[in-house]
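Peer 1: Please find one structure pasted underneath; my questions will follow.
The values are calculated or read from the model by the stated rules, or taken from the named source; none is laboratory data. Computed from a predicted structure; not experimentally measured. Cβ sites come from the backbone with ideal geometry, for glycine too, and all protein chains shown count toward neighbours. In case anyone asks, the SASA skips ligands and DNA or RNA and just uses the protein heavy atoms, side chains included. Shrake-Rupley method; radii C 1.70, N 1.55, O 1.52, S 1.80 Å.
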Amino acid sequence: MPPPLLGSSVSLARQNRINEEQGLERILDDADLNDRIAQHLLVPVPASGSLQINGNLPENRRYCRPWTTRFLIDLGRAHTARFHRPLLVTSAVRTVEYQKQLMLVNGNAAAAEGDVVSPHLTGATIDIAKGAMSRQELGWVRSWLLPLQLAGAIDVEEEFQQACFHITVYKAYVPAPPPPGIHHRRHAPPAAEMASRGR
């Protein structure tokens, strides 16, 4: 069994720093959130036979960044091919306004304001439930995620109180498009290919 992918204050600070470097602003409230959705800066979490969304999640918080969507599609397909059942997304984009409310009822919630805050506020982060996973499933997901984390494409914090994988996906996960005039098939990042093949 691979060990848990534990988070840390260093990891949380890194997520904030990279998101800031990539120009991802914190989403303030529902009006700000809806505006970004209208501009297609946030896209729907890709619900499918491989990926379900917690029914309690409000409609306008079932969104994330385009590269996070690509990650979810890849992980969902690889997981379903192996275990023949979908993953469950329990949280995606959040607003500063909502995070403040969450802090009042969840002592494990990250800050909503300051230098180091919840990366959910940028839309790049999603939570995937692990409470119903078998031991084999849990080990497989850890093994799939670790190469991507080592490659700097994601950061993972495995939570136990909320029983989920908290995953921040960076723009590096999606390869850059080929230069104009060059047409060839785009591939997933090498780390993702290795992980999906179980290497």
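Peer 1: GLY131 - would you say it is modelled with pLDDT of 55 or more, at positive phi and open to solvent by 40 Å² or more (accessible area, probe 1.4 Å)?
Peer 2: It is false that GLY131 is modelled with pLDDT of 55 or more, at positive phi and open to solvent by 40 Å² or more (accessible area, probe 1.4 Å).
Peer 1: Within segment 63-95, can you find the residues that are more than 15 Å from ILE167 (Cα to Cα) and surrounded by 18 or more Cβ atoms within 10 Å (Cβ to Cβ)?
Peer 2: Result: ALA78, HIS79, THR95.
Peer 1: Also, quick follow-up: Among the residues of segment 173-196, is any surrounded by 13 or more Cβ atoms within 10 Å (Cβ to Cβ) and either modelled with pLDDT of 90 or more or basic (Lys, Arg) (or both)?
Peer 2: Yes, because at least one residue in segment 173-196 is surrounded by 13 or more Cβ atoms within 10 Å (Cβ to Cβ) and either modelled with pLDDT of 90 or more or basic (Lys, Arg) (or both).
Peer 1: Now for a different question. Of ASN108, ASN56, which residue is at pLDDT 90 or above, part of a loop (DSSP other than H, G, I, E, B) and exposed (fewer than 13 other Cβ atoms within 10 Å of the Cβ)?
Peer 2: Checking each option against the conditions leaves just ASN56.
Peer 1: Look at segment 117-131 and say how many of its residues are assigned to a strand (DSSP E or B) and of a type outside the set (A, V, I, L, M).
Peer 2: Pass one, segment 117-131, residues assigned to a strand (DSSP E or B): 125-129.
Applying the additional criterion that residues be of a type outside the set (A, V, I, L, M) yields 125, 127.
Residues meeting the conditions: 2.
Peer 1: In segment 1-11, what residues are outside any loop (DSSP other than H, G, I, E, B) and open to solvent by 40 Å² or more (accessible area, probe 1.4 Å)?
Peer 2: Answer for segment 1-11, where residues must be outside any loop (DSSP other than H, G, I, E, B) and open to solvent by 40 Å² or more (accessible area, probe 1.4 Å): SER9, VAL10.
Peer 1: Separate question: Anything in segment 12-48 that is in contact (Cβ under 8 Å) with a residue 12 or more places away in the chain, exposed (fewer than 13 other Cβ atoms within 10 Å of the Cβ) and over 23 Å from PRO58 (Cβ atoms)? List them, or say none.
Peer 2: Matches in segment 12-48: ALA13 only.
Peer 1: Give the residue that is farthest from PHE83 (Cα to Cα), with candidates limited to residues of segment 134-146 that are within 15 Å of the chain's Cα centre (by Cα) and open to solvent by 10 Å² or more (accessible area, probe 1.4 Å).
Peer 2: LEU146
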